[in-house]
Amino acid sequence: MSATLTVTTSTATYPVIVAAGALASLPERLAGLGLHGALWIACDGAIASTYGEPLAAALRAAGRTAHLHVVPSGEASKGPEQLWRLYDWMIGGGVERRDAVLALGGGVLGDLAGYAAASVLRGVAIVQVPTTLLAMVDSAVGGKTGINHPLGKNLVGAFHPPHLVLADTATLATLPPRELRAGMAEVIKHGVIRDAGLFVELEALAAERGWDDHREGQPFPGWNAADAALTERLTAIIRRAVAVKVVVVSSDEFERGERITLNYGHTIGHAVEALMGYGPLLHGEAVALGMHAAARIAVAMGLCDASLVARQLRLLTAYGLSVALPPGLDPEAILATTLRDKKVQAGRVRWVLPTAIGSVVVRDDVPEELVRSVIM
Ligand SMILES: NC(=O)c1ccc[n+]([C@@H]2O[C@H](COP(=O)([O-])OP(=O)(O)OC[C@H]3O[C@@H](n4cnc5c(N)ncnc54)[C@H](O)[C@@H]3O)[C@@H](O)[C@H]2O)c1
Ligand SMILES: [Zn+2]
């Protein structure tokens, strides 16, 4: 697979690059895409000195006008206050329509800066430069941007496809292990919903590195950020996971059909996140336990064999993910919360359920009793 994937929708076509060291090629790529205006780098606070300042310096050395603005880390930044600061920075600094915003950070930064780009001057270009595994395989691709509202997450936003997504997997070396594991849940999800080969590749890597050789401070068995061969291997895996998002988004930009398959594991996952309050569980951790529940529902509905649950569980566990429901959560409350999911249509929950590793179906006829039985 080439390092460059391409999203093609009715409204946009853009390259998605996944490679270790890709950041070095950014100045050249921006010029190649015809982005010749000033560059507004919005950067997550945790990585301003490691990646933000060096990127601004490299762009200036290439003769570009580059502004850098640091946004505090954390979900709380995905709101009106930080959005307004981005407007102040850009409008106060004389932003023009031909300029581009570069979103350097995880999903929080990408969603926030993406929405700022979608709305300032009625829209300037956005280049997504994801630095978390979750942002690489999920949020940076697809054009969904937005901020949270006190009544719920991601309730204010816009579709604003990027001109370019550039994922430099070398930036994952500094990502906290827990964030890396949580992102791995989405990688595994992409294998289950659409790419059995990706799933097998993850199994092979786990087998080579010792299925359960978990060590303190390591995101998963055998991880070593300094091991170039392993970085290449993981980069290939990440690219394959990104390719799933690229294909799904290309076929269903506005979430009218197939894009819902990306929601595998999210029905229970979102409910658990909402009930616990965002924070104690990372999103990917909630998705992992949601995938386990969904797979068990699929077995009970006769859609797949019990061995799928076992195989998925083994892989999730190998990558350091737990499928146990956090203690103290009321199953009835989980059930009630799934009914408030954004993906509910005409009062029926639309479940994404596996039929085999690599394929899923969408069903809206899962009996409540069955859901109850897997979360009790
Ligand atoms: N737009 C979409 O389609 C879409 C899809 C999925 C999720 N999301 C959104 O994405 C957000 C979650 O994204 P996330 O998981 O990337 O979280 P995040 O952006 O909060 O990043 C996680 C943590 O990693 C730190 N960080 C980022 N890159 C780093 C690096 N290279 N080295 C060290 N630390 C680094 C950040 O400071 C933060 O503390 C949520 O708000 C969610 O709603 C959006
Ligand atoms: Zn997700």
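The values are calculated or read from the model by the stated rules, or taken from the named source; none is laboratory data. Computed from a prediction, not measured in an experiment: that's the story for all the values here. Don't worry about glycine lacking a Cβ; one is built from the backbone with ideal geometry, like all the others, and counts go over all protein chains shown.
No other residue among Ala288, Ala293, Ala298 is over 20 Å from the mean Cα position of the chain (by Cα), part of a helix (DSSP H, G or I), at pLDDT 95 or above and within 16 Å of ligand 2 (Cβ to nearest atom) apart from Ala293.
Among the conditions (1) within 12 Å of ligand 1 (Cβ to nearest atom); (2) closer than 18 Å to Thr235 by Cα, the only one that Leu104 does not satisfy is (2).
Residues that are touching a helix residue (DSSP H, G or I) at 6+ places or on another chain (Cβ under 6 Å) and of a type outside the set (A, V, I, L, M) were ranked within region 246-265; the one that is nearest to ligand 1 (Cβ to nearest atom) is Arg259. Evaluation of Trp351 against the conditions (1) exposed (fewer than 15 other Cβ atoms within 10 Å of the Cβ); (2) closer than 22 Å to Arg259 by Cβ shows that the sole unmet condition is (1). Scanning region 251-285 for residues that are more than 17 Å from the chain's Cα centre (by Cα) and of a type in the set (Val, Ile, Thr) turns up Ile268, Val272.
Quick one: which of Ala306, Ala346 is without any contact (Cβ under 8 Å) to a residue 12 or more places away in the chain, exposed (fewer than 14 other Cβ atoms within 10 Å of the Cβ) and under 21 Å from Trp211 (Cβ atoms)? Spell out how you get there, then give the answer.
On the way: Ala346 fails: under 21 Å from Trp211 (Cβ atoms).
Checking each option against the conditions leaves just Ala306.
Within region 125-142, can one find any residue that is more than 13 Å from ligand 1 (Cβ to nearest atom), more than 19 Å from the chain's Cα centre (by Cα) and free of Cβ contacts under 8 Å to residues at least 60 places away in the same chain? No, the conditions are met nowhere in region 125-142.
Go over the candidates Pro80, Pro72 one by one and state the one that is closer than 30 Å to Gly277 by Cα and either in contact with a helix residue (DSSP H, G or I) (Cβ under 7 Å, 6 or more places away or on another chain) or aliphatic (A, V, I, L, M) (or both). Before the answer, list the steps.
Details: Pro80 fails: either in contact with a helix residue (DSSP H, G or I) (Cβ under 7 Å, 6 or more places away or on another chain) or aliphatic (A, V, I, L, M) (or both).
Pro72 is the lone residue from the list that is closer than 30 Å to Gly277 by Cα and either in contact with a helix residue (DSSP H, G or I) (Cβ under 7 Å, 6 or more places away or on another chain) or aliphatic (A, V, I, L, M) (or both).
Scanning region 5-35 for residues that are closer than 23 Å to Leu133 by Cα and of a type in the set (Gly, Ala, Ser) gives Ala19, Ala20, Gly21, Ala22, Ala24, Ser25.
Could you please let me know if Leu308 is over 21 Å from Glu369 (Cα atoms), modelled with pLDDT of 95 or more, within 16 Å of ligand 1 (Cβ to nearest atom) and in contact with a strand residue (DSSP E or B) (Cβ under 9 Å, 6 or more places away or on another chain)?
Working: over 21 Å from Glu369 (Cα atoms): yes; modelled with pLDDT of 95 or more: yes; within 16 Å of ligand 1 (Cβ to nearest atom): no; in contact with a strand residue (DSSP E or B) (Cβ under 9 Å, 6 or more places away or on another chain): yes.
Considered against the rule, which asks whether it is over 21 Å from Glu369 (Cα atoms), modelled with pLDDT of 95 or more, within 16 Å of ligand 1 (Cβ to nearest atom) and in contact with a strand residue (DSSP E or B) (Cβ under 9 Å, 6 or more places away or on another chain), Leu308 comes out as no.
In a residue-by-residue description of region 145-152, the property of being surrounded by fewer than 18 Cβ atoms within 10 Å (Cβ to Cβ) and in contact with a Leu (Cβ under 6 Å, 6 or more places away or on another chain) applies to at least one position.
Checking the condition within 20 Å of the chain's Cα centre (by Cα), modelled with pLDDT of 85 or more and surrounded by fewer than 17 Cβ atoms within 10 Å (Cβ to Cβ), which residue from Ala207, Ala196 passes? Give the steps one after another, and end with the answer.
Numbers: Ala207 fails: within 20 Å of the chain's Cα centre (by Cα).
Of the residues listed, the single one that is within 20 Å of the chain's Cα centre (by Cα), modelled with pLDDT of 85 or more and surrounded by fewer than 17 Cβ atoms within 10 Å (Cβ to Cβ) is Ala196.
Of the residues examined, Asp168 is one that is among the acidic types (Asp, Glu), closer than 30 Å to Arg97 by Cα and crowded, with 19+ Cβ neighbours inside 10 Å.
Set side by side, the residues Thr65, Thr11 differ, and just one is in contact with an Asp or Glu (Cβ under 9 Å, 6 or more places away or on another chain), within 16 Å of Ile126 (Cα to Cα), surrounded by fewer than 17 Cβ atoms within 10 Å (Cβ to Cβ) and modelled with pLDDT of 95 or more, which is Thr65.
Out of Arg97, Arg85, one residue alone is among the basic types (Lys, Arg), part of a helix (DSSP H, G or I) and over 26 Å from Ser251 (Cα atoms). It is Arg85. So, in region 281-313, exactly how many residues are closer than 25 Å to Ala135 by Cα and either of a type in the set (A, V, I, L, M) or in contact with an Asp or Glu (Cβ under 8 Å, 6 or more places away or on another chain) (or both)? Qualifying residue count for the region: 13. Scanning region 85-118 for residues that are hydroxyl-bearing (Ser, Thr, Tyr) and either surrounded by 18 or more Cβ atoms within 10 Å (Cβ to Cβ) or within 17 Å of the chain's Cα centre (by Cα) (or both) yields a count of 1.
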